[in-house]
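Rule-based calculations on the coordinates, nothing more; no lab input. Since the model is a prediction, treat every value here as computed from it, not as a measurement. Methodologically, a virtual Cβ is constructed for each residue, glycine included, from the backbone with ideal geometry; neighbour enumeration extends over all protein chains shown.
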Amino acid sequence: MTSSTAFPSTGAVQPIAVVVAGALGRMGAEVVKAVHQAPDCRLLGAIDTTPGKEGADVGLELGLGELEVAITADFEGSLCLASQAVRNDGPGNGAVLVDFTHPWWSTTTPAPRSPMGCTR
């Protein structure tokens, strides 16, 4: 089983869209690096609440060079971006959210709802 989708008509492979929550933390940063290096994935979003980092390029913050992915604290907005990517990429494609936030955050923050009706 592959982790990306081949288009039957062209044989082209569409990379999986990935959003990383906790992107500047120790483990989240490793996930961002792995996604950046994986040919079958594309980094779509980087969520983090580190003060002063909102809007900064996650690649520059992690020493990977510019990735053109801005750091945001907007969890729900990032999920919307992922759902739009799924819609735009076509049938059979999906997106992944990797959550490396602190456990207390996920139990004290109301669950966002994406336009696709998904909640965490």
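What's the exposure ranking of 87, 42, 26, going from fewest to most Cβ atoms within 10 Å? Mind showing how you got there, number by number?
Details: 87 12, 42 19, 26 8.
Fewest-to-most ranking of 87, 42, 26: 26, 87, 42.
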Run the simple label-point estimate for residue 60 and residue 99 please: 7 Å along Cα→C-beta, distance reported in nm.
3.0 nm
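Quick check for me: using +1 on Lys/Arg Cβ and -1 on Asp/Glu Cβ, what's the dipole size of region 19-108 about its Cα centre, in debye to the nearest 20?
160 debye
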Tell me, what HN-Hα J-couplings in whole Hz come from the Karplus equation 6.51 cos²θ - 1.76 cosθ + 1.60 at θ = phi - 60° for each residue of region 46-54, using x for Gly and Pro?
9, 9, 6, 10, 4, x, x, 9, 4
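Please compute, over every Cα-Cα pair in region 19-108, the percentage with a separation greater than 19 angstrom.
Details: 1417 of 4005 pairs.
Value for region 19-108 (Cα pairs over 19 Å): 35 percent.
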Between residue 46 and residues 5 or more places away or on another chain, which pairs have amide H atoms under 5 Å apart, with H built 1.01 Å from N, and which residues are they?
20, 72
